[in-house]
Every structure is written in structure tokens, then in C-alpha cells.
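Student: Dropping a structure here in C-alpha cells format, bear with me for questions.
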Amino acid sequence: MVTMKISNKKKIRNSLFVFFIIIFALLIRIGYLQFVKGEELEGLAYQQQCLNRNVNPKRGTIYDASGKYILAVSSTVETVTINPTNIKSEDKQKVAEILSNIFDLDYEKTWKKVKKKSSIEIIAKKVEKEKSDKLRVWMAENDISTGINIDEDTKRYYPYRNLASQVIGFCGGDNQGLDGVEAKFDEELKGKAGSIERLTDAKGGEIGSKGENYTSAQDGKNLILSIDMTVQSIVEKYLEEACIDNKCTDGGNIVAMNPKTGDILAMATYPNYNLNEPYEPNTEELKSVWDTIEQSEKTKNLQAMWRNKAIADTYEPGSTFKTITSSAAIEEGITTPDKDGEFCCTGGIEIAGVRIKCWRYYRPHGSQSLREALMNSCNPVFIGLGQRIGVQKYYSYLRKFGFLDKTGVRLPGEAKGIFLAENKVGPVELATISFGQRFEVTPLQMVTAVSAIANGGTAVTPRIVKSTVDSKTGEITELPVQEKERVISKETAGSVLSMMESVVSEGTGKNAKVAGYRIGGKTGTSEDGVNTNKYVTSFLGVAPIEDPQIVLLITLYNPTGEGGHQGGVWFILLLHSKQHSKSLTI
């Protein structure tokens, strides 16, 4: 009897011990869930009960300078998503089948999404309303009201396809700008996403009586570019003709700028590409091999296709740079435009034991004024001027003209000039810089520098966007013209423009001459790298000389046609007719 009582007490004690162990373990587990995993579990619960979906805003429209022509616009499409946990098990298979059929999707991949135990899965983005309407009809016929969502979305569209493609850029699948203006002004264009919030129970039923909570999206701002539709179209037409006729193996570009405001009226690169199909090859040669090349090679070719050569690539400007040497020499009082016989070309000049030839060494130019030297593009004269200016002073002008820094244009991927460090420049290096070789600048830098001359000596920052427009209120915000320091005096600028006019009327730029219309210019030819046997030919034009409204640079890379590679020979440009030149002077 005593043994039985002791045994019962032992059992009770053991039971209590086990009970307290279990309680203790539960307390530890509760504490772990509450304090260690609490935040994570709270998030999972919210995710399960709150079926939030983003509402994409409408991306801002991009217009040309006139505000009449739409260069980029967002059209309305729809995005289809599902909430797998809210689709009944008996409906899952037929849901997967209809989704894959309507949207041309792989059934197995769609089935995996439908079976998942997640709160939301994306099925199809940016689909046309015609297709999503088929899904709506099917849902109504099969009495399915939960688990499948059809939300409004936007898709970027470029009405003029290839026009200004390297300038405008394009967007990714999530409406984010990936290149050009689309990328640089993404913050202004993208707007602010809205949301759809819906509280549900475990079975997908709505909690409460309010239904979905809708927060509308805020559309992005519209942009007014400085690009003029008419000018850009003409520029692209003649650039393509020039590159094809002259067999330019590495393409070409044109930049046109208003020197008074810095507005880029046109910026074209050839070959360009279709902005609506930015991942498709842009030449017949590439199309023929596209399916056979490696992905890394495809990526390399696409990046080259998207590249804006006018701002991202550098080149030797050649004799167009003599306008800069002339400006510095006149500003420093070293010379004047019309002093007869001030210089004498003997076919070359010796610098530090190195003889540098004139391009017409076989028939020297002889006695010349500075105006005549620029008209003849005589290297020895400008070498001599460079020596008289000196390294320190010459580099101060390079800085003032903006060659040692970026121009500040609001476009992605801008490069800057490549020069020797000032302390490493000797007599020979200074000589080659003076006539535009053995250093590199971007085409935009060259246009911007000469725009300072055309603007009476004052530099202006290039501008690609003139204003933004609030898509809701219509409020216009102007992006101000940014004047920089005065580079040269108004008198010096006038003298250089006068000499540039002589280049066109009587010198190496006679192909740009238009009767009754005053045009200034300078031709240029340079090597594309050392010992490459490739050349860059260019022409820099200013019009009209009496009141410059446009500075334009055409650059052709490695022209291999019958006419050779001299800039004066290959100036095939839109200023060839009075009608077209007037259309550019705006």
C-alpha cells in the first residue's frame, strides 16, 4: 500500500516535470517567434493578407523644340498578374492553360507559377487590351473573380523610329530609361507609381466592406527638347548620303548648335537604330550573322549601335582646330588677320630638330597673311603661332574653350578631350597641337568651342532639353541658358569669323559656298590613330556670318571612296543649297 502511494506520487511528479518542460519549451518557442522571427512573420502575414499591386504611372512625353512633334510617348497597355494562393485547387490547371494560350507562354513555366504558394506572380507585361479582354471574358464565363488581376500599364513608343535615336535613347521593360535623354532625365519622366491594396482572408475573400484601396499614379513630366524636328531630319538624310557615297567604314556624325543659347538643334550619328526595337541589329551585315554569333558579341555590337559618337567618342580635329590657334594668337596681340607677307611657307618648318611638312610641301604657299594661311590651311604658319603663344598660355586657352573638361551637356556617357599633361608638352608637341593633331576632342567639344567664337567670344553650355512641363497642371519650367566666361573679345571673335568666311568664299571650304548667303567654315583632315591608315575628315560651318544662328560640324570616319579623305573634297552637307541653309538658320 505504501509502495503504491509512493509510485503515484512519483508519476505525478514526473508528469508535472514533463508538463513544465513542455510549457517552458512553448514559452521559448513563443519568445523566439515574437522577438527573433516576429518582424519576418509579420511581413509574411501582411504579404498573405494584403494583395498589393503597383499601378505604373504614364511616362512623360518627349517633344521636339517646336512642341508639335512627339518623339517619345507612352501608350496604354495592361499587365496580368496572379495570386496563386487565391486560385482554387480545382481551377489551377485550367487557369494555367488559358493564360499560356492567350499570351503565348510556355505552359510548364506558367503552371509552376500557378502552383506556387506566393502572394503574387507576374504572368504577362505590357499586353494589348485585345488579349486581356479575352481573359476577362473567360473569367466571367468560368465564374473566377479572385486570383487573377488585370491592371493598366504603359508601353513606350517612338513615332519616328530611328530619328535622333542615339540622343533620345530608350526604356526597359519596367519603363526605366536606359540610354540617352530617357536615362538622363529619368527622374523627371518616370512619375510616381500608384498602388492597389486589397485585404483578404486565408481563402482570398475580402476582409471588411471597402474592397480595393486605389492610390492613383502620378504621371511623369513632359520634356521639350532643343532638337528641331526639321533640322534633325535634314541632317540625318544628308549624313546617311555622305557616309554611303563616301564609303565611310566607321560611320559619321553631325552636331548643329545655336551659339547664342547652346541649344543643340540636331545631333545625328550614322548608322542609327530603331528605338522601338533597340535590341535588334541595325545593319544588313549584322542581321545576316546575328543568330550565329555569341551573346557577348551581340552585346558588344548593341552597345556600339547605341553609342552617341558625337559626345562619347574622341577624334583628332585636324585643321578645324586652327580656328582656336587663330583666336588665341589674335587675342594675345601676336598677329592680325590681314598683314600682307607676315608669314612665309617654304613647304615645312623645323622644330627641335624635327621637320614638319605643310600638306602642300611640294608647292609651298609662300608669302601669306593670317587670313590667307587659314584659307590655305597652311600648317607651318600655325606651328609658328603656337610657338609664339607658348605652352602655358596655349593651355589657358584650351581650358577657357572647354577642351580640358566635359561640356556639361545633360546626356549620358560624355567624354572629354585627351591632351598631354601641360608639363610634358615640348616644342614638337606644341607644334602638332597648334594645327590640330596628336590630341583628341569630342565633336560636341569642338562645336561648343567654335560656338563661343560665333557668340561674340562668350561660351555657352550645350542644352539638350529646353523645358519640362507638368503633365497635370501644364506648368512649364524653363531650363536656363548657361553662359560661361568670356573666352576672347568680341573684336577677336569678329576677326576669326571673317577669316572663316574667306575660307568658304575663296579657300579650302569652297564646296560650302552659297550665292547670296554668308557662310564661314573650316575643313579638317586627320589620322584616326597612329599608323592605322584610317582618316577622319570634317567640316565646321557657321552661318550666317553677320549674325550666327548655327554652328555645324560634320565628321566622317574613314571615308574610302574615290574622292579621298580631304575635308574640303568631301564636304557634302546640307548647306549646299540656299533653301536648306535657310531652313537651318532658325
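Student: Quote the FRET efficiency, to the nearest 0.05, computed for Asp151 versus Thr346 with a Förster distance R0 of 60 Å and r equal to the Cβ-Cβ distance. Could you put the intermediate results ahead of the total?
Tutor: Details: r = 78 Å, r/R0 = 1.30.
Efficiency computed from Cβ-Cβ geometry: 0.15.
Student: Would you pull out the residues with amide H under 5 Å of Ala415's amide H, same chain only if 5 or more places away, H placed 1.01 Å from N?
Tutor: Ala312
Student: Right, here's the next one. What label, among (i) -0.46, -1.12; (ii) -0.34, -1.23; (iii) -0.29, -1.33, belongs to log10 I(q)/I(0) by the Debye sum over Cα atoms at q = 0.06, 0.12 Å⁻¹ computed from the structure on display?
Tutor: So the structure-derived entry is (i).
Student: Continuing with this model, one more query. If you take every residue apart from Gln176 with its C-beta less than 9 Å away from the C-beta of Gln176, what net charge results, scoring Lys and Arg +1 and Asp and Glu -1? Intermediate values should be presented prior to the final figure.
Tutor: Details: positive: Lys190; negative: Asp174, Glu182, Asp186.
Every neighbour counted, the sum reads -2.
Student: Moving on. Taking the Cα centre of segment 461-526 as origin, work out the dipole magnitude from +1 charges on Lys and Arg Cβ and -1 charges on Asp and Glu Cβ, in debye rounded to 20. All intermediate terms of the calculation are to be shown ahead of the outcome.
Tutor: Numbers: 10 positive and 8 negative charges, 49 e Å.
With only Lys, Arg, Asp and Glu charged at Cβ, the dipole is about 240 debye.
Student: Additional query: Give the aspartates and glutamates whose C-alpha is closer than 18 Å to that of Lys424, dropping any in the same chain fewer than 8 places away, or say none.
Tutor: Excluding near neighbours in sequence, the set is Glu440.
Student: Continuing with the same structure: Below 11 angstrom from the Cβ of Glu78, what's the summed charge of the other residues (Lys, Arg +1; Asp, Glu -1)?
Tutor: So the environment of Glu78 carries a net charge of 0.
Student: Continuing with the same structure: For the pair Ala140 and Tyr517, how long in nm is the line joining their label points, each one 7 Å along Cα→Cβ?
Tutor: 6.1
Student: Longest span of the chain, sites excluded, free of trypsin sites (Lys or Arg not before Pro) in DSSP loop with at most 10 other C-beta atoms within 10 Å? Walk me through the numbers before you get to the answer.
Tutor: Numbers: sites that count: Lys68, Lys117, Lys203, Lys210, Lys472.
The longest uninterrupted stretch comes out as 211-471.
Student: Right, another one. How large is the accessible surface per residue of segment 401-481, computed with a 1.4 Å probe and reported in Å² as a whole number?
Tutor: Details: 3110 Å² over 81 residues.
Roughly 38 Å² per residue, with all protein chains present.
Student: Nearest 20 debye, what's the magnitude of the dipole of the chain about its Cα centre given +1 on Lys and Arg Cβ and -1 on Asp and Glu Cβ?
Tutor: Numbers: 73 positive and 72 negative charges, 437 e Å.
Using only the charged Cβ atoms, the result is roughly 2100 debye.
Student: Same structure, new question: Taking the Cα atoms only, what angle lies between the long axis of helix 229-245 and the longest principal axis of the chain, rounded to 10 degrees?
Tutor: 70
Student: Against the longest alpha carbon principal axis of the chain, how many degrees, from 0 to 90 and to the nearest 10, is the axis of helix 129-141 turned?
Tutor: Orientation of helix 129-141: about 10 degrees from the principal axis.
Student: Hey, which lysines would be in cross-link range of Lys472, C-alpha to C-alpha under 27 Å, not counting anything within fewer than 8 residues on its own chain?
Tutor: Straight-distance partners of Lys472: Lys58, Lys68, Lys125, Lys126, Lys129, Lys155, Lys184, Lys190, Lys192, Lys221.
Student: Only loop residues by DSSP count here, and only those with at most 11 other Cβ atoms within 10 Å; note down the GluC sites (Glu not before Pro) in segment 268-297 that meet that. Before the final figure, lay out the partial values.
Tutor: Details: sites: Glu284, Glu285, Glu294, Glu297; in loops: Glu294.
Here the GluC sites (Glu not before Pro) that fit, given the DSSP loop and packing criteria, are Glu294.
Student: Per-residue HN-Hα couplings for segment 360-376, Karplus 6.51 cos²θ - 1.76 cosθ + 1.60 at θ = phi - 60°, whole Hz, x for Gly and Pro?
Tutor: 10, 5, 6, 8, x, 6, x, 6, 8, 8, 4, 4, 5, 5, 5, 4, 8
Student: Still on this model: Relative to the longest principal Cα axis of the chain, at what angle does helix 391-400 sit, 0 to 90 degrees, rounded to 10?
Tutor: 50
Student: How about Lys309: which aspartates and glutamates have a C-alpha closer than 12 Å to its C-alpha, ignoring those fewer than 8 places off in the same chain?
Tutor: Answer for Lys309, where 12 Å is the Cα cut-off: Asp250, Glu414, listed by chain and number.
The values are calculated or read from the model by the stated rules, or taken from the named source; none is laboratory data. Quick caveat: nothing in here was measured; it's all calculated off a predicted structure. Every residue, glycine among them, receives a Cβ derived from its backbone with ideal geometry; neighbour counts consider all protein chains shown. Accessible surface is based on the protein model in full, side chains and every heavy atom, while ligands, DNA and RNA are left aside. Shrake-Rupley method; radii C 1.70, N 1.55, O 1.52, S 1.80 Å.
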